Every structure is written in structure tokens, then in C-alpha cells.
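Every read-out reported here was derived from the displayed coordinates using simple, explicitly stated rules and does not represent laboratory data. Predicted, not measured: the structure shown is a model, and the values here were computed from it. When we count neighbours, we look across all protein chains shown, and the Cβ atoms used for this are built from the backbone with ideal geometry, even at glycine.
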Amino acid sequence: MIVDFVKDSRIRQAATATEFWMMFKPLAVTPGFDVWPGFLDLPAQRALVDAVFAAAEQAPFSNYGTAYGKAMSVAMTAFGPLGWTSDASGYRYADRHPGTGRPWPEMPSALLDLWKRLGDTDTPPDSCLVNLYRDSARMGLHQDRDEADPRFPVLSISLGDTAVFRIGGLNRKDPTRSLKLSSGDVCRLSGPARLAFHGVDRIQPGSSSLVPGGGRINLTLRKAWPV
Ligand SMILES: O=C(O)CCC(=O)C(=O)O
């Protein structure tokens, strides 16, 4: 199954099971924040981008408003039973697209498989937030705390242009560090980093040609409602 996800040239290079494990061992950036650089191969990345744009026909991207009255620069939609949305009354998970009133598109099986491998083996995710960053879109430092049970991780997939990602601690004023996330990278916030402040300072436009029209797509898999 792993062949669906990882760069198969790296599998060919691995002579032993130990070497294979070392190649796909995550980089532990800070405790609880793990990154698997290049975890998804190009065909897997392309398939996810295609799935996103097919889903957007049914559940169009929107730049949601916030309680502060400003529209976000990142356009969003979702896969799965629940989608994260925001408007003047605040943030929430909803079982319908706010614009169409229709259920969100089904979660692609590749995402369910990925969550089983790196997220949680027993409990599937019930939401995948799809973030589309074009040009100067960014996401300010925030915590992912709208999910019922922080024992479940957030699994994040980067597609397209490179992002300058920032991660800090549990308090907004804690020191932060930044790292670049490239297309095919997967990262996980869990345990001590599950509620860490994080955000995207900017993308590097033109660093990838994967996303039609340019830019970056980020997918975050979550378990939003209680088990
Ligand atoms: O785009 C990213 O890499 C981060 C997305 C994010 O922080 C979120 O969806 O909460």
C-alpha cells in the first residue's frame, strides 16, 4: 500500500527493511511535530489535486469571513462528513457547504489510507479541510482547537508551491521557528504539539507547476466530532 504514496525510487534504493524505515522516519521538528519530506510521489500528488478540483465543482472554494469581519486570503472547501467553516458568528464544523447547502464531497480513499498509516489506525477522520493559497495568500498564527478530542492528531499534506510554515508553542507569544514545506511533504501535529500555534507566512509562487492556475493546496485531516 505504501507504494501508492511514497517515491518509489526511494523504495528501490532501500536494500533492507531498516533502511526503508530510516528513509521514511519523520523529522521530529519539535516534540509532537513530525515532518515526512516527499512522502507522496508525483502521481499521488496529481491524483489528490485532481480530486480537489473535482470536489470544488460540487463544493466551491470560498474565502470565508471571520468574526473580525475580514475575508480570509486562503480559499477553502472540504472533503468528508464535516467541513470547517467560518463567518461573522465564528468558527465551526458543519455537515453542509455554507454556500450550496449540500453535503461535502466524499473523502478520497487515499486520504483515509494515509490517516490510517500516520494518523490513527482505529478511528477514521471525519473532516479534511482543503486550503487553496494563490499569490499572496497566507494564514496567521492560530491553534486548531475546534475539534472535540485533541488526542487525535492533525495530519497535513502540502501540494504545489512551497510554503514558509511557522510553528510555535502553546502560547501565542512563545518563540516560533519556520520551515519550508514542499509538494508531497506530510506533517503531523500530535501530542505536545497538537495545540501548538502555527501558520503560513507566505508561499513561493511559481516554485511548482502542480496546481492548475498556480499556488498551493494544503489538506488537513482531522477527527472533528467526538468518537
Ligand atoms: O497550509 C498549511 O500548511 C497549514 C494549514 C493550517 O494551519 C490549518 O488548516 O489549520
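Quick notes on this structure:
- With 10 Å bins from 0: P(r) over region 83-227, alpha-carbon pairs, percent: 11, 39, 40, 10, 0
- Measuring nothing but how far apart in sequence close Cα pairs (under 8 Å, 6+ apart) lie, relative to its length, region 2-222 scores a relative contact order of 23 percent.
- Across region 43-89, the convex hull enclosing all Cα atoms gives 80 Å³ per residue.
- Helix 109-118 axis, angle to the chain major axis (alpha carbon atoms, nearest 10°): 70
- Using alpha-carbon coordinates, inclination of helix 42-58 to the longest axis of the chain, degrees: 20
- Residue-averaged 222 nm ellipticity for the chain, from DSSP H runs of 4+ at -39500 (n - 2.57), nearest 500: -5000 deg cm²/dmol
- Normalised contact order of region 91-160, rounded percent, pairs of Cα under 8 Å and 6 or more residues apart: 32
- Spin-label model distance (nm) - Ser73 vs Arg145, 7 Å beyond Cα toward Cβ: 2.4
- Distance between modelled label sites at Leu179 and Ala47, nm, 7 Å Cα→Cβ extension: 2.6
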